[in-house]
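Structure first, commentary second.
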Amino acid sequence: MNYKAQRGTYDILPKDEVIWNKVQKSCFETAKLYGYQFIETPLFEDSKLFERTVGESTDIVEKEMYSFTDKGGDSISLRPENTAGVCRAFIENGLHNNTLPARLFYYGPMFRYERPQSGRYRQFHQFGVECIGDSTFETDYEVIDIAWKILKNLDIKGIKLNINSLGDKEDREIYIGKLKDYFKNYINDLPKVDKLRFERSPLRLLDSKEEITIKISEDAPKTLDYISSESKEHHENLIQKLEKLNSMDSSFNYEVNHKLVRGLDYYNRTVFEYTSNSLGPQGVILGGGRYDPLIKILGGPETPAVGFAMGIERVVNELNKNEVENNSHIDAVLIIVDEDLRMISQEIANDFRENKIKTIIAPKKSIKAQMRFANNINSKSAIFIGKNEIENNKISVKFLQSSREQIEIDRNNIEEIKAVLNN
RNA sequence: GUGGGCGUGGUGAAGUGGUUAUCACGACCGGCUGUGACCCGGUAGAUCGAGGGUUCAAUCCCCUCCGCCCACCCCA
């Protein structure tokens, strides 16, 4: 075996189709119910797009981007996420001239150069929703609600929403100052990783996995105590709605999590994550938040926005635990009893397919082997095409998945054949 | 980038310093030359991850490398 899928990539095999379809369908249908429309942007963009939006000093940009110089000498990157791409498209196509907000959703592969582990790949899939052009907490609620409906629809258990507010940019700077002041007192107690975090991204101290740091974090200043009154009001209104949702639907659980900060630079105010308690360290199956400044940064008019991205692999993983069964994908296998009937079998296969009967002509082998073939691929039926049948313009239908008796049907009576195969 | 675990037919597993390297499932053929599944019989398929070393001998012991998995970092 000379060639293997690249590290962090994998193949989605036929047996996985059912479950992947199920997830995608749930995403698309739910988003459409809320008036969202599909948008598809290129898999690669100007590297600068991501540097400006995701944040130059974030890990994603610093070490995880698949960047290369194309033959024209431009620096190109495979998209590590798709909010930036959607915003670029929004501006470039003048969608801000339409009635706002624009309600958009996307689905497709993303690329991040990381060490793979469970629930993490170098090429992975995200479904995401972006509501662009409305600053009210109502839209924050809307996207959170969409996410919830999808997860619920897929019947994923043990899901919780974590939510926090980072305030606006100015609030955040003040807050980071406070946070550093606080942790400075404990700097010598911090483990190595966290000393590093203290320097590079103090917010991350809050979701450290180190026990000591977790302990210290308990009394750390909270973002909510430092955000502007507008941000605070926004947040509280949103919480009220979540409370309402919780009272209507007790399976919806949420927690205001002061330690939730999230890693992309563009978030402001609301940030949230849905986590699963059974997914281990990669428990985040979906994350999002508000990113009001982003469109402007990219050269568009000042346009507030909110959205989320869902990790399809993580959802599929969750679903795989309750295993979906694969049922028959083929209706009929034509068994060719005499080789000289091959031509006529071809015609019959054509007729079948034109009538939406999924048909395979058995390989050139003994009758027995052809039957085994039909059985092995899980066909609903075996159709015998032999001299006896053709002389009378008939075919024999044998049912492979029930004890129903074999019958002869007029070869041209496709309707009956179809009916007989469908029950 | 750092740490841990693991690499044996297609898949999942045994195994030993000297064996024709074992077993199950799967695949293929046959058991009625016009009938699957169950059953029975048979066939094919592994340079035991790669390279080097120790040894009379290495799949097994040692080293190096590669790959996969898991965790950290970070994120969906």
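The values are calculated or read from the model by the stated rules, or taken from the named source; none is laboratory data. What you see is a predicted model; the values in this text were computed from it and never measured. Cβ placement follows ideal geometry from the backbone for every residue including glycine, while neighbour counts extend to all protein chains displayed. When the accessible area is computed, the model is the full protein with side chains, heavy atoms only, and any ligands, DNA or RNA have been set aside. Shrake-Rupley method; radii C 1.70, N 1.55, O 1.52, S 1.80 Å.
Below, the figures for the structure above:
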| quantity | calculated |
| --- | --- |
| Separation between Cα centres of the stretch A:236-275 and the stretch A:341-385, rounded to whole Å | 55 |
| Volume in Å³ per residue [convex hull over Cα atoms, computed for the stretch A:75-222] | 187 |
| DSSP beta bridge pairing in chain A, given as percent antiparallel to the nearest 5 | 80 |
| Near-label residues of the stretch A:105-128 by backbone N, under 15 Å of a point 7 Å along Cα→Cβ of A:ILE12 | A:106-111, A:121-128 |
| Protein accessible area in the stretch A:332-421, 1.4 Å probe - carbon and sulfur % | 46 |
| Count of lysine pairs in the stretch A:332-421 with Cα separation under 22 Å (8 or more residues apart, or interchain) | 26 |
| Whole-angstrom Cα spans of the stretch A:332-421 along principal axes, big to small | 30, 28, 23 |
| Cut-off 12 Å between beta-carbons: net charge of the residues surrounding A:LEU260, Lys and Arg +1, Asp and Glu -1 | +2 |
| Rounded accessible area of A:GLU339 (nearest 10 Å², 1.4 Å probe) | 80 |
| Percentage, to the nearest whole number, of Cα pairs in chain A over 42 Å apart | 32 |
| Accessible-area value, A:TYR106, 1.4 Å probe, nucleic acids and ligands omitted, Å² | 0 |
| Extension reserve of the A:LYS244-A:ILE344 stretch, reckoned as 0.36 nm per residue once the Cα distance is removed | 29.4 nm |
| Gaussian network model of chain A, springs between alpha carbon atoms under 10 Å - residue of A:LEU151, A:LEU334, A:LEU264 with greatest fluctuation | A:LEU334 |
| Solvent exposure ordering (accessible area, 1.4 Å, most first) of A:PHE183, A:PHE124 | A:PHE124, A:PHE183 |
| Taking only Cα atoms of the stretch A:368-423, radius of gyration then Dmax in Å | 11.3, 30 |
| Accessible surface, per residue, of chain A when the full set of protein chains is kept, probe 1.4 Å, Å² | 52 |
| Solvent-accessible area of A:MET65 with every protein chain in place, 1.4 Å probe, in Å² to the nearest 10 | 30 |
| Of the GluC sites (Glu not before Pro) in the stretch A:152-229, those whose Cβ has at most 14 other Cβ within 10 Å and which sit in DSSP loop | A:GLU218 |
| Apportionment of accessible area to carbon and sulfur, the stretch A:74-211, percent (1.4 Å) | 46 |
| Orientation-averaged projected area, Cα convex hull of the stretch A:1-153 (nm²) | 11.9 |
| Segment A:ASN422-A:LYS22, length gained on full extension (0.36 nm per residue, minus Cα span) | 141.8 nm |
| Max mean-square fluctuation residue, GNM over chain A, Cα-Cα springs under 10 Å, options A:ASN355, A:ASN93, A:ASN317 | A:ASN355 |
| Distance (nanometres) between label positions extended 7 Å along Cα→Cβ at A:GLN401 and A:GLU354 | 2.7 |
| Most fluctuating residue given options A:ARG411, A:ARG88, A:ARG122, as computed from a GNM of chain A linking Cα atoms under 10 Å | A:ARG411 |
| Modelled FRET efficiency - R0 30 Å, A:LYS180 with A:PHE68, Cβ distances, 0.05 increments | 0.20 |
